[in-house]
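Report on the following structure.
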Amino acid sequence: MNAVFVSAQSWQDVGQTNEYSIYPNSNIATDGQELFISINNDEIDGKVSVMHYDGMDTWNMVGDSNVASGTPYNSQILSVMNGAPYVVTTDSLERVIVMTYDGTNWVLVGQPLSIGAGNHPSLTTDNNALYVGYYDVANDGVTVKQFDDTNWTTLGTTGFTLGETDYVSLSVENGVPYIATQESETLSILSFDGVNWNYLGQGLSNQLASNIHIATDNGMIYVSFEDQDNQCRLTVITYENGIWSTLDMNSFPFVPGVYSSLTVYDGIPYVSFRELNGALSVVGYIDNTWNYIGQSEFSLGVVTHSDITFFGNAPHVVYRDVDNSNAIQVKKIDAELSILETENASVSIYPNPSSSLIILESKEPMIRIQISDSRGRVMITTTESSIDISQWETGIYLAEILTERGKHTKRIIKQ
């Protein structure tokens, strides 16, 4: 059975980083053995720092606090391979570079990847190999390279996409790279067959797609993005048998859902995102419906740029807590307390959105249903699965469904 982390569980601090940053970027990564975060560090004008978790609630700076001598607020993506952290960022000449820690110092991996400026880099690992994708300014398109232990080798041609992009997300599975990016501001997704880059989809968003992320798992491809043409609605699509489909928008009515991040664990996609009120939530697609993971809106206040991964079989997130002096926070759900059987974790509500009647369904007996408005006012407490909401004000409501297996939280939109 899959491990499922439902809303009965709470998010817990993973130590204290004691780092603060007005810069939004932060990332979290693991190889299954070691856990690292990367941040833009206030104390060194936004340059990149990396911290390691010692497993005893302490985060320690890895080497020098300045990974690379790039410009302030240079973007970075973190990955971990064989216990060593790798960071893709830009140097003082705006060239894309990858740095790693050799146990004593931060050192350059190979040579700079771009001849001139490169933007929005993405880094991943697969089968002990490093891959980087980035917007190649000189060639006006995305370029992807692989490190062969000595040099960076271009996969296919340089600048193989059409024009400038603000988002590049790279995933590699079993040696096959996949790219999700913008072309003419809409979403495009490509894969590499060993010779050429081939489109799996073009124009997959209505208009502008932003904050794009791609993840692969056992042959399945998942892509999350914010649909700027649809009130910044957070959307997740998947690719199977040559067809792209959206994962149940009725149970995923997050408008807007910004500063999002995507990961896939044990065949289940998980997304961290900022809610309408600025707080952080995580959802997972379980039994064909989206469920809150732990309590919703679990951050103390407004957050920016979350990132999510799994470590020790539990979801971990990093984010910048704006309302807590811009502290860099890391939280997790305790896996030992939160593993449930997938087949018993499903609760669904339909139609959603609705203007009148809603129906709640559960594979487990529902002991109590309580629905509250956005101010926390309880609208109804019942055991009935059919509820008339026709007299309620238009807006967002939160349903808490108590079953024999725990509490499930679902969002309802009243039209």
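Between residues in the range 352-363 that are acidic (Asp, Glu) and residues that are at pLDDT 90 or above and surrounded by fewer than 20 Cβ atoms within 10 Å (Cβ to Cβ), which pairs lie under 9 Å by C-beta distance while being six or more apart or on different chains?
Short answer, once both residue conditions are applied: 361/385.
Can you go through 307, 287 and tell me which one is surrounded by fewer than 23 Cβ atoms within 10 Å (Cβ to Cβ) and either over 13 Å from residue 29 (Cα atoms) or modelled with pLDDT of 90 or more (or both)?
Of 307, 287, the one residue that is surrounded by fewer than 23 Cβ atoms within 10 Å (Cβ to Cβ) and either over 13 Å from residue 29 (Cα atoms) or modelled with pLDDT of 90 or more (or both) is 287.
Return a yes/no flag: does the range 99-108 have any residue that is over 23 Å from the mean Cα position of the chain (by Cα), buried (at least 18 other Cβ atoms within 10 Å of the Cβ), assigned by TED's automatic domain parsing to the domain that holds residue 26 and acidic (Asp, Glu).
Scanning the range 99-108, I find no residue that is over 23 Å from the mean Cα position of the chain (by Cα), buried (at least 18 other Cβ atoms within 10 Å of the Cβ), assigned by TED's automatic domain parsing to the domain that holds residue 26 and acidic (Asp, Glu), so the answer is no.
Among the residues of the range 158-168, is there at least one that is under 20 Å from the mean Cα position of the chain (by Cα) and part of a strand (DSSP E or B)?
yes
Hey, any hits in the range 80-93 for a residue that's in contact with a Pro (Cβ under 9 Å, 6 or more places away or on another chain) and acidic (Asp, Glu)?
Taking every residue of the range 80-93 in turn, at least one turns out to be in contact with a Pro (Cβ under 9 Å, 6 or more places away or on another chain) and acidic (Asp, Glu).
Please give the number of the condition residue 169 fails out of (1) hydroxyl-bearing (Ser, Thr, Tyr); (2) surrounded by fewer than 21 Cβ atoms within 10 Å (Cβ to Cβ); (3) under 21 Å from residue 88 (Cβ atoms).
So residue 169 meets the others, but not (2).
Just to be sure before I move on: is residue 345 under 30 Å from residue 388 (Cβ atoms), modelled with pLDDT under 90 and not aromatic (Phe, Trp, Tyr) in the structure I sent?
yes
Which pairs have Cβ atoms under 8 Å, sit 6 or more apart or on different chains, and link a residue in the range 188-207 that is not assigned by TED's automatic domain parsing to the domain that holds residue 223 and in a loop (DSSP other than H, G, I, E, B) to one that is loosely packed, with under 12 Cβ neighbours inside 10 Å and of a type in the set (Lys, Arg)?
Pairs that qualify, where the first residue is not assigned by TED's automatic domain parsing to the domain that holds residue 223 and in a loop (DSSP other than H, G, I, E, B) and the partner is loosely packed, with under 12 Cβ neighbours inside 10 Å and of a type in the set (Lys, Arg): there are none.
If you go through the range 51-71 one residue at a time, how many are surrounded by fewer than 21 Cβ atoms within 10 Å (Cβ to Cβ) and at pLDDT 90 or above?
8
Taking the range 255-281 as the search range and keeping residues that are in contact (Cβ under 8 Å) with a residue 40 or more places away in the chain and of a type in the set (Val, Ile, Thr), which one is surrounded by the most Cβ atoms within 10 Å (Cβ to Cβ)?
271
Quick one: how many residues across the range 209-239 are under 19 Å from residue 286 (Cβ atoms) and assigned to a loop (DSSP other than H, G, I, E, B)?
1
For the range 4-50, what are the residues that are surrounded by fewer than 16 Cβ atoms within 10 Å (Cβ to Cβ), assigned to a loop (DSSP other than H, G, I, E, B), polar (S, T, N, Q) and at pLDDT 85 or above?
Those that are surrounded by fewer than 16 Cβ atoms within 10 Å (Cβ to Cβ), assigned to a loop (DSSP other than H, G, I, E, B), polar (S, T, N, Q) and at pLDDT 85 or above: 18, 33.
Of all the residues that make up the range 288-314, how many are under 14 Å from the mean Cα position of the chain (by Cα) and small (Gly, Ala, Ser)?
The total comes to 1.
The values are calculated or read from the model by the stated rules, or taken from the named source; none is laboratory data. Everything numeric here is computed off the predicted structure, so don't read it as measured data. Cβ coordinates were reconstructed from backbone atoms using ideal geometry, including for glycine residues, and neighbour counts include every protein chain displayed.
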